[in-house]
Amino acid sequence: MALQYILDTLYQLVTPVNLLTLVLAVFFGLLVGVLPGLTSTMAIALLTGLTYGISSETAILSLIGVYVGAISGGVQTAILLNIPGTPAAAATAVDGYKIGQRGEAGLGIFLGNASAFLGTLFGAVCVLVLTPLLSMLSLKFGSWEFFLLAVFGVMICGSLTSGGDSLKGWISGLIGLFVAQIGLDALNSYPRFTFGSMALIGGIPLIPIMIGLFGFPEIVSSFKHQEMKAIKQVIDLRVKKGLSILKGKFPTVFRSGFLGVAVGIIPGVGEDVAGWLSYWAAKMRSKKKEEFGKGSYEGVIAAETGINATIGGNLIPVLTLAVPGSTSSAVLLAALWLHGFRPGPLLLSESPGFIYTMSMYLVASALVMLLLGLLISRYTVKMLKIDKKILMPIVFVFCAVGSFVIDNSITSVYMMFIFGILGVLLAAMKYPAAPFLLGVVLGPMADSNLRRALVLSDGSLTPLLTRPLCLIFVIGIILMILAQLKVFDKLKPIIFKKKNITG
């Protein structure tokens, strides 16, 4: 049966329309990854709006393609210019730029792209292996568990994306949860916070929120950065030497792939954490620690493998729990809903072949990314020379079009502007946008499950402490709050003082 699902997906992939779509999507993703400031989240959000109305298979394939391309595209400028095209590529730039400076830019780009391919491949395998296991666990989830999972996801996202100030991340997430309550409630269809406006009865569409929240701040911030000149050197890929280097680094690839998938499963952590964690682990295990930071091949391999393995890791909670592992996968989750798919505990029973389809899409996207990344490596860096006065208005037009085509309503464009301004304000005040988006995505799940759970328990909160999974989530939430209040830091002197006295 599994072989049949794989063959069916391969048959879909080799159709001319889907092949062309995949190549164009990956190419677009690579360009987004090359340009500093533009992210995979923004690329997927823009493309989601433009895929409305086309076949669901082609739409999801294009979104996976742009996702893989955008994550891996940052390696080009990280090595050539020391400008990470994506935040995650900062880990790659540490050694990648030094490799480029000593005249081996082509070799560095080959190692980066090949490692990105292997990381994505590792993530695709984990989607096949881990999704059924996590899906079996998710079947044990009831209303209380899903409510706490939503709260826990928003809180951990707020903690890990706030730059050390978890309170700001939580406030951002709470605002997102509030925005998700606008419109008719899921149980009784009672209008909430609509203020009599018919435009708000159906709630605020997710795509305009995403485009405004992530598109506008990047458009505004791009004008603050000074233009950088590309270094002039011949790009010699040196494939044979690159393959020989990779051959001896498979333990690093496997370890970094595992770390990337593990980080991807955790809601809200992101590719940049996976990149730095994989880089650190490789350095700790390496016999040549002194080479790290001075142009280590292993550093580039570890970072890129870990970064791209998170793509598969991010998809696992999306498919099994309908909980996104990152902002990019949150947009992808919205796209799945938009095109008629129902991620969650029942996905494997309703669409048993879907995880095979997603895995094969990842593998195909990774292969196209590898080929295109190597072919265009001589030219992608020239994208940095495009005047932002020309580029950013084009991006802005795509933002408006992507919002409008969701429901052919100018109201969605207005919403994009409103949340775009809000996104700029959040960025200016150092409030992360990721928890906000996660709150909007998980808000309906948290609201409906909490109310349903209270009805079933006659208003009692006892199940929070009597159900094992609930208790795990409650303890995790309490520990996060205590950590923010620095309770553990205050207890350390007391504990150590007592130890000294007893000693």
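The values are calculated or read from the model by the stated rules, or taken from the named source; none is laboratory data. Computed from a predicted model, the values in this text were never measured in an experiment. Neighbour counts are summed over all protein chains in view; Cβ atoms, including those assigned to glycine, are modelled from backbone coordinates with ideal geometry. Surface accessibility is based on the protein's heavy atoms, side chains included, excluding ligands, DNA and RNA. Shrake-Rupley method; radii C 1.70, N 1.55, O 1.52, S 1.80 Å.
So here's what we get for this one:
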| read-out | value |
| --- | --- |
| Restricting segment 397-416 to residues that are of a type outside the set (Gly, Ala, Ser) and not in a helix (DSSP H, G or I), the residue that is modelled with the highest pLDDT | Asn408 |
| Selected residue (criterion: surrounded by the most Cβ atoms within 10 Å (Cβ to Cβ)) from residues of segment 135-144 that are at pLDDT 75 or above and in a helix (DSSP H, G or I) | Trp144 |
| Cβ pairs under 6 Å, 6+ apart, first in segment 285-304 and in contact (Cβ under 8 Å) with a residue 40 or more places away in the chain and over 16 Å from Ser256 (Cα atoms), second acidic (Asp, Glu) and part of a helix (DSSP H, G or I) | Gly295/Asp95 |
| For Pro132: the one exception among (1) within 25 Å of Ser40 (Cα to Cα); (2) touching a residue at least 60 places away in the same chain (Cβ under 8 Å); (3) open to solvent by 10 Å² or more (accessible area, probe 1.4 Å) | (1) |
| Some residue of segment 381-392 being of a type outside the set (D, E, K, R), at pLDDT 80 or above and either buried (at least 20 other Cβ atoms within 10 Å of the Cβ) or over 27 Å from Gly275 (Cα atoms) (or both) | no |
| Criterion (outside any loop (DSSP other than H, G, I, E, B), at pLDDT 85 or above and either charged (D, E, K, R) or under 18 Å from the mean Cα position of the chain (by Cα) (or both)) met by exactly one of Phe152, Phe147, Phe122 | Phe122 |
| Lone qualifier among Val331, Val300, Val318 - being closer than 30 Å to Ser244 by Cα and either β-branched (Val, Ile, Thr) or open to solvent by less than 10 Å² (accessible area, probe 1.4 Å) (or both) | Val300 |
| Residue match in segment 53-62 (condition: open to solvent by 10 Å² or more (accessible area, probe 1.4 Å), at pLDDT below 75 and part of a helix (DSSP H, G or I)) | no |
| Ala453 modelled with pLDDT of 85 or more, of a type in the set (Gly, Ala, Ser) and open to solvent by less than 80 Å² (accessible area, probe 1.4 Å) | yes |
| In segment 160-208, the residues that are in a loop (DSSP other than H, G, I, E, B), touching a residue at least 40 places away in the same chain (Cβ under 8 Å) and either closer than 28 Å to Val263 by Cα or open to solvent by 50 Å² or more (accessible area, probe 1.4 Å) (or both) | Thr161, Ser162, Gly163, Asp165, Ala186, Leu187 |
